[in-house]
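The values are calculated or read from the model by the stated rules, or taken from the named source; none is laboratory data. Predicted model, so just to flag it, every value in this text is computed and none were measured. Because the Cβ atoms are built from the backbone with ideal geometry, glycine has one as well, and the counts that use them run over all protein chains shown.
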Amino acid sequence: MGNDLKEKKIGIITFHNSYNCGSMLQAYALQQVINRLTGRKSEIVDFSNEGQQKLYSVRQPNDSLKNVIKNIILAPWFKRIARNYESYESFKKRNFRLSNFPIHKLADLSDADYDIVVAGSDQIWNITIADGDDAYFLPWVKNARKVAYAPSFGAKNIMEYADDPNRYAEYLREFSNLSIRERNGLEWLQNLTGRDADLLLDPTLLLKRDDYAEIESHELKLPPRYIFYYSPGYSRDINKLVNRISQEYNLPVIAFNTKTFYVKGMQVSGFKLPEIENPSTYLQLIKNAELIITTSFHGTVFSTIYRKKFWTVKNGGMFGNDDRVKTLMHLLNLEDRMIPIEFDGDFDYLREKDYDRYECLLGKEQEKAYKYLKKALVDRRI
């Protein structure tokens with residue numbers, strides 16, 4: 001038995017192939033944490049479905065009028081987009097321990113090399129997005145222990161969106177250890193499976209700022225003071241707010257586009273773009289910013305990891321079912337850093353954040369997460 005365990009590995013399946021800084025950094029963090037906690041080498045299952053590959057490709061296939069128009073509009077920026085794509089690829093190869101070869105179909109996955117498979121974190125259980133795939137619910141794992149570490153439904157309740165919710169209920173009932181990242185997910189899991197789950201931190205919050213130092217970039221030439229603006233989607237209203245704050249404090253704005261089709265919009269808005277984009281330059285931009293403005297879950301997370309002045313802009317998605325950011329803000333006493341989308345000339349946007357209470361709450365949540373992982377991966381208990 002001992003020899004078998006030595007030969008087997010811990011597998012992790014997540015969105016490590018999303019050319020998105022939050023996705024890649026949560027994958028990096030979870031692998032680091034698992035390796036340290038267990039003393040074993042884990043590997044990320046190099047899975048990426050067709051939808052994910054199309055979503056992050058340099059050019060969209062000319063299979064629809066919409067994609068043809070998009071390619072025409074983005075043609076002047078293809079060189080930049082391709083450079084960023086290669087930069088993400090390089091980060092992945094340098095910093096992840098991956099399975100031997102890429103896999104693109106659920107039917108080709110196997111648990112033969114693993115005694116434990118961990119699903120998480122990120123929106124791997126959001127069945128409505130292009131990246132979404134049944135593979136992340138682990139039906140292909142037949143003989144290994146199934147563990148969920150803080151996956152997210154991404155505000156999409158499976159019972160409302162799935163053609164066959166029972167299929168997912170059966171998948172999830174087979175997990176030895178079940179956890180989730182957002183509060184609404186606790187209720188949805190209970191309704192779907194009849195099981196209770198643990199509410200756990202995103203894995204990026206299980207590492208300290210110093211743990212990220214070795215993957216931070218130092219290559220960008222940055223102004224001494226600037227606003228870093230990061231959002232999964234750049235709306236005109238939020239761009240307008242950021243521009244007003246920029247003018248008020250005479251600070252240039254450096255933006256970071258998470259999707260290729262925002263490149264033109266960023267430059268039209270007058271925002272600077274870094275010469276190169278990848279998780280390492282993202283960390284450099286956060287570390288050195290005078291102020292961070294974000295609508296992003298991981299934008300908020302890394303602002304706190306680096307103990308920065310930041311504001312998370314309220315937008316329509318943060319109300320109703322989408323409580324990704326709200327859960328984080330409530331859990332770690334950050335609700336005072338949420339601002340409306342309308343500019344307020346009397347508001348002090350450069351106000352410091354007091355992190356004392358945050359430090360205390362974060363420590364408790366980290367302890368809870370490590371206890372869960374130890375029980376699931378080391379003690380192998382439910």
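Descriptive notes on the structure:
- Of all positions in the stretch 64-79, at least one carries a residue that is part of a loop (DSSP other than H, G, I, E, B) and farther than 25 Å from Asp323 by Cβ.
- Which listed residue is among the hydrophobic types (A, V, I, L, M, F, W, C), touching a strand residue (DSSP E or B) at 6+ places or on another chain (Cβ under 7 Å) and crowded, with 22+ Cβ neighbours inside 10 Å, from Phe297, Phe302, Phe310: Phe310
- Of all residues in the stretch 324-365, those satisfying the criterion of being assigned to a helix (DSSP H, G or I) and either among the β-branched types (Val, Ile, Thr) or in contact with a Phe, Trp or Tyr (Cβ under 8 Å, 6 or more places away or on another chain) (or both) are Arg324, Val325, Thr327, Leu328, Arg337.
- Test: residue in the stretch 212-229 that is over 30 Å from Tyr372 (Cβ atoms), of a type in the set (S, T, N, Q) and at pLDDT 95 or above: yes
- Among the residues making up the stretch 333-358, those that are surrounded by 13 or more Cβ atoms within 10 Å (Cβ to Cβ) and under 27 Å from Tyr149 (Cβ atoms) are Asn333, Leu334, Arg337, Met338, Tyr355, Tyr358.
- Candidates Gln53, Gln60, filtered to the one that is modelled with pLDDT of 80 or more, surrounded by fewer than 19 Cβ atoms within 10 Å (Cβ to Cβ) and on the phi < 0 side of the Ramachandran plot: Gln53
- Candidates Ser90, Ser48, Ser99, Ser42 - the one that is on the phi < 0 side of the Ramachandran plot, assigned by TED's automatic domain parsing to the domain that holds Ile116, among the hydroxyl-bearing types (Ser, Thr, Tyr) and loosely packed, with under 15 Cβ neighbours inside 10 Å: Ser90
- The stretch 139-150 residues that are in contact (Cβ under 8 Å) with a residue 24 or more places away in the chain and within 19 Å of Asp122 (Cα to Cα), paired with ones that are in a loop (DSSP other than H, G, I, E, B) and aromatic (Phe, Trp, Tyr) (beta carbon under 7 Å, 6 or more apart): Lys146/Phe175; Val147/Phe175; Ala148/Phe175
- Residues (crowded, with 20+ Cβ neighbours inside 10 Å, over 23 Å from Cys21 (Cβ atoms) and not hydroxyl-bearing (Ser, Thr, Tyr)) located in the stretch 110-126: Ile116, Val117
- Among the criteria (1) surrounded by 16 or more Cβ atoms within 10 Å (Cβ to Cβ); (2) of a type in the set (A, V, I, L, M); (3) under 21 Å from Lys208 (Cβ atoms), the one Leu361 does not fulfil is (1).
- Odd one out for Ile69, checked against (1) surrounded by fewer than 13 Cβ atoms within 10 Å (Cβ to Cβ); (2) touching a residue at least 12 places away in the same chain (Cβ under 8 Å): (2)
- Residues considered: Lys368, Lys374. Of these, the only one that is over 22 Å from the mean Cα position of the chain (by Cα), not in a loop (DSSP other than H, G, I, E, B) and not assigned by TED's automatic domain parsing to the domain that holds Ile245 is Lys374.
- Residue within the stretch 297-308 that is assigned to a helix (DSSP H, G or I), over 17 Å from Gly233 (Cβ atoms) and of a type outside the set (A, V, I, L, M, F, W, C) present: yes
- Any hit, the stretch 268-281, residues being within 16 Å of Tyr226 (Cα to Cα), at pLDDT 90 or above and among the β-branched types (Val, Ile, Thr): yes
- Just one of the listed residues (Trp125, Trp140) is among the aromatic types (Phe, Trp, Tyr) and out of contact with any Pro (no Cβ under 8 Å at 6 or more places or on another chain), and it is Trp140.
- Residue in the stretch 56-63 that is within 18 Å of the chain's Cα centre (by Cα), hydroxyl-bearing (Ser, Thr, Tyr), closer than 28 Å to Lys374 by Cα and outside any strand (DSSP E or B) present: no
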